[in-house]
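Just passing along the structure, written as structure tokens.
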Amino acid sequence: MSKIEQQARPDLLKATDAEIEDAVKFADVMALRGLLYQLTGDEELKDLALKTVLGGYLERQVLANQDDVEMIRRKAVEFLKGYRDSGAGPIDIGSYDHLPVSLGLMRGETIPDESLGLYIEETALDPWIRSPKWRAEPDPERLDNFRVVVVGAGMGGLVSALHLKRAGIPYTVIEKNAGVGGTWYENRYPGSRLDSPSRSYTHLFGVDFPYSNPFSPWAENQRYFSWVADFFDLRKDMVFETEVKSLTWDEAKSQWEIVTSDKNGEKVITANAVMTSVGFLNRPRLPDIEGRDSFEGEAWHTVEWPDHAVIKDKRVAVIGTGATGYQTVPEMALEAEHVTVFQRTPQWVFPAPGYRSPFGSQVYWLNRNFPFYTNFMRLGSGSAAAFEAVSTIDPEFDDPHCCSPSNKIARDVAVGFVKSKLKDPALVEMMTPEHPVWSARPIQVDPEYCILDAIQRDNVTLVTDGIRLINKSGIETMDGRHIDVDVIAYATGFHANEYLFPMKIAGRDGATIEQLWAEGGARAYRTCMMPGFPNLFAIYGPNTNGSLSPATFHEMVACFAIQCIQEMILEDKSSVEVKPEPYWDYNRMIDERNNTRVWSDHRVQSYYWSKHGRSATMNPLRGPEMWALLRDPTLSDLEIA
């Protein structure tokens with residue numbers, strides 16, 4: 001395993017003692033603890049008292065005593081001063097044998113052996129550790145004549161293109177938009193931003209990307225994806241403003257026939273393999289409300305927010321209160337004359353301090369000058385076991401509102417947050433969900449200003465009566481009220497359970513993907529392969545929500561698919577697909593495990609659970625389990641012909 005040395009840091013060489021001391025005050029102390037142990041082997045960092053706190057919606061371990069916090073900060077300052085005074089030159093991470101202890105000290109837990117490989121990868125100390133290596137030299141002519149089409153240039157498409165390029169496999173990326181970024185190219189509504197930490201939303205090779213926010217707004221995410229495309233020179237193999245309409249397998253040629261559409265009409269191209277990187281939260285779902293098309297004002301789905309949109313001094317209706325609705329209402333309220341929020345189901349919200357604020361200059365300084373700080377922070381200091389505990393049903397736990405002791409702790413924190421913000425008992429009731437935490441997507445918000453503050457503003461009205469119809473001037477509620485509005489914003493979600501929609505896909509013998517998924521909805525083997533659809537890989541396919549972070553899932557699946565393609569090329573074969581039995585064995589296991597998780601609760605309607613009585617989106621496996629399944633293909637599960 002490679003050890004990356006960091007280069008000289010002129011900012012550190014110029015830093016005064018006071019500047020170093022100030023910056024360290026803004027460092028994550030648990031990350032400092034693990035990193036200092038890795039770099040110095042200081043035994044005093046090991047046996048320190050810890051306590052459990054709720055960070056966002058997950059529990060994490062932190063230092064229990066302030067004296068220990070100050071001791072670690074003091075040691076960090078001493079380390080940086082010494083490093084500065086020695087010239088701040090290249091420095092090695094040290095022995096990888098120490099990493100299990102170092103990472104455990106950061107996370108406040110003994111890391112299980114099965115988790116260690118994943119955790120070390122997630123530090124991005126070797127940013128190319130996942131990049132597929134050829135087990136033998138491929139035939140140059142065979143390689144030159146092989147072509148992959150990647151559909152989509154978002155997170156999955158970019159990482160697929162980069163690893164294909166590194167493997168020397170010819171490819172073309174086809175993107176329906178005018179630029180890269182996928183969902184972050186499209187989601188430009190006011191307040192659009194990550195609700196997971198920015199540091200975990202980069203690929204391994206992006207560990208040092210200079211994000212400006214702990215939870216990046218859409219423009220910042222777009223900047224990252226543009227950097228990936230430009231830094232690695234990927235754009236020259238991309239075709240923009242072109243949509244893939246259909247994929248049809250040609251059995252005689254062992255190729256996919258791909259119908260694309262652009263401003264000049266339709267075109268047919270072919271490829272030996274296809275990697276679909278279209279995501280599942282990108283095709284808008286509009287509500288079936290009487291009179292929707294009769295409205296004479298401006299109206300759009302939030303994912304289609306136009307650049308020319310102006311809401312200042314306008315009366316705006318927001319229909320839908322999932323993550324998007326809860327993000328956008330507070331921001332709209334700062335500009336609009338009035339915002340009317342139509343809520344069917346309240347969502348659990350958790351305070352995340354600094355959610356709307358950029359990093360301070362001290363954090364930038366630490367990222368640039370503290371060796372390997374970004375690596376340790378990418379892995380993070382939260383416990384993986386915390387997500388298991390909060391989302392797994394404990395059959396012995398008797399509480400109608402919660403599924404386990406940890407789930408109750410999370411609920412109590414969320415209820416306490418709502419009550420601290422809302423003094424009106426009726427409003428508290430309206431904003432308190434009936435469903436358990438994590439049975440639908442919980443939402444992190446800024447405790448200083450969020451949806452709970454917005455609905456108390458004089459220019460915001462919360463409506464929970466339901467919508468009867470829409471007419472040319474506004475919205476009529478179920479109780480007969482008519483509300484005049486100038487703009488309707490539909491925050492009504494996506495066709496999340498309809499994977500690969502709206503592409504038409506026909507595999508062997510003309511069988512369609514709709515036929516394969518007619519009973520039970522979308523499924524895939526290890527999230528990416530379907531029997532009867534050779535050489536087709538879904539990069540963020542069924543059951544990829546949860547288990548691993550989005551960036552990890554995209555990168556792992558892309559590299560898994562490329563390994564399958566490499567095997568086909570090396571064996572001089574024309575197709576690779578999963579056999580039916582492993583496909584069904586895997587999916588039966590996924591369904592069984594999903595039934596033990598809180599998102600199987602039927603009290604809420606969300607994309608976590610489909611109309612088929614199962615989840616096509618959620619992954620119930622522990623991160624190390626899914627990581628192990630995606631590291632290398634199990635060739636006995638595949639038909640390579």
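The values are calculated or read from the model by the stated rules, or taken from the named source; none is laboratory data. Quantities reported herein were computed from a predicted structural model and do not represent experimental measurements. With ideal geometry, Cβ positions are generated from the backbone for all residues, glycine too; neighbour counts draw on all protein chains shown. These area figures cover heavy atoms from the full protein model, side chains too; ligands, DNA and RNA do not enter into them. Shrake-Rupley method; radii C 1.70, N 1.55, O 1.52, S 1.80 Å.
Give 377, 332 a once-over and let me know the one that is assigned to a helix (DSSP H, G or I) and open to solvent by 10 Å² or more (accessible area, probe 1.4 Å).
Just one listed residue meets the conditions, 377.
Just checking, which of 50, 35 is within 30 Å of the chain's Cα centre (by Cα), at pLDDT 95 or above, surrounded by fewer than 18 Cβ atoms within 10 Å (Cβ to Cβ) and of a type outside the set (Asp, Glu)?
50
Rundown of residues vs (1) within 30 Å of residue 390 (Cα to Cα); (2) in a helix (DSSP H, G or I); (3) touching a strand residue (DSSP E or B) at 6+ places or on another chain (Cβ under 9 Å); (4) open to solvent by less than 40 Å² (accessible area, probe 1.4 Å), yes/no style:
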| position | (1), (2), (3), (4) |
| --- | --- |
| 60 | yes, no, yes, no |
| 70 | no, yes, no, no |
| 74 | no, yes, no, no |
| 78 | no, yes, no, no |
| 81 | no, yes, no, no |
| 106 | yes, yes, no, yes |
| 111 | yes, no, no, yes |
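Can you pull out the strands (runs of 3 or more DSSP E) entirely within the range 221-329 that have at least 1 residues that are more than 30 Å from residue 344 (Cβ to Cβ)?
Strands (runs of 3 or more DSSP E) meeting the threshold: 243-250, 255-262, 265-271, 273-276.
Of the residues 387, 397, which single one is modelled with pLDDT under 95, surrounded by fewer than 21 Cβ atoms within 10 Å (Cβ to Cβ), among the aromatic types (Phe, Trp, Tyr) and more than 30 Å from residue 85 (Cβ to Cβ)?
The conditions single out 387.
Is there any pair linking a residue in the range 250-271 that is over 17 Å from residue 146 (Cα atoms) to one that is polar (S, T, N, Q) and surrounded by 11 or more Cβ atoms within 10 Å (Cβ to Cβ), with Cβ under 6 Å and at least six apart or on different chains, and which?
Pairs that qualify, where the first residue is over 17 Å from residue 146 (Cα atoms) and the partner is polar (S, T, N, Q) and surrounded by 11 or more Cβ atoms within 10 Å (Cβ to Cβ), are 259/246; 260/242; 262/242; 267/260.
Looking at (1) open to solvent by 10 Å² or more (accessible area, probe 1.4 Å); (2) within 22 Å of residue 323 (Cβ to Cβ); (3) not aliphatic (A, V, I, L, M), which is the one condition that is false for residue 473?
Failed condition: (2).
Select from the range 488-544 the residues that are among the charged types (D, E, K, R) and in a loop (DSSP other than H, G, I, E, B) and list them in ascending order.
498, 519, 523, 526
Among the residues of the range 404-430, how many are touching a strand residue (DSSP E or B) at 6+ places or on another chain (Cβ under 8 Å), under 28 Å from residue 455 (Cβ atoms), in contact (Cβ under 8 Å) with a residue 60 or more places away in the chain and open to solvent by less than 70 Å² (accessible area, probe 1.4 Å)?
Total meeting the criteria: 6.
So residue 300 passes all but one of these: (1) aromatic (Phe, Trp, Tyr); (2) crowded, with 21+ Cβ neighbours inside 10 Å; (3) modelled with pLDDT of 95 or more. Which condition number does it fail?
Going through the list (1) aromatic (Phe, Trp, Tyr); (2) crowded, with 21+ Cβ neighbours inside 10 Å; (3) modelled with pLDDT of 95 or more, residue 300 breaks only (2).
Another question, if that's okay. Quick check, is residue 530 without any contact (Cβ under 8 Å) to a residue 24 or more places away in the chain and at negative phi?
So residue 530 fails the test.
Something else: For residues in the range 476-487 being outside any strand (DSSP E or B) and touching a Gly at 6+ places or on another chain (Cβ under 7 Å), which is most open to solvent (accessible area, probe 1.4 Å)?
By that ranking, first place goes to 478.
Only one of 149, 101, 173 is of a type in the set (A, V, I, L, M, F, W, C) and open to solvent by 30 Å² or more (accessible area, probe 1.4 Å). Can you tell me which?
101
Can I ask one more? Do we find a residue being at pLDDT below 95, out of contact with any Pro (no Cβ under 7 Å at 6 or more places or on another chain) and either in a loop (DSSP other than H, G, I, E, B) or buried (at least 17 other Cβ atoms within 10 Å of the Cβ) (or both) anywhere in the range 446-462?
no
I'm trying to understand the selection: among the residues of the range 570-626, which are modelled with pLDDT of 95 or more, of a type in the set (A, V, I, L, M, F, W, C) and open to solvent by 20 Å² or more (accessible area, probe 1.4 Å)?
Matches in the range 570-626: 570, 584, 589.
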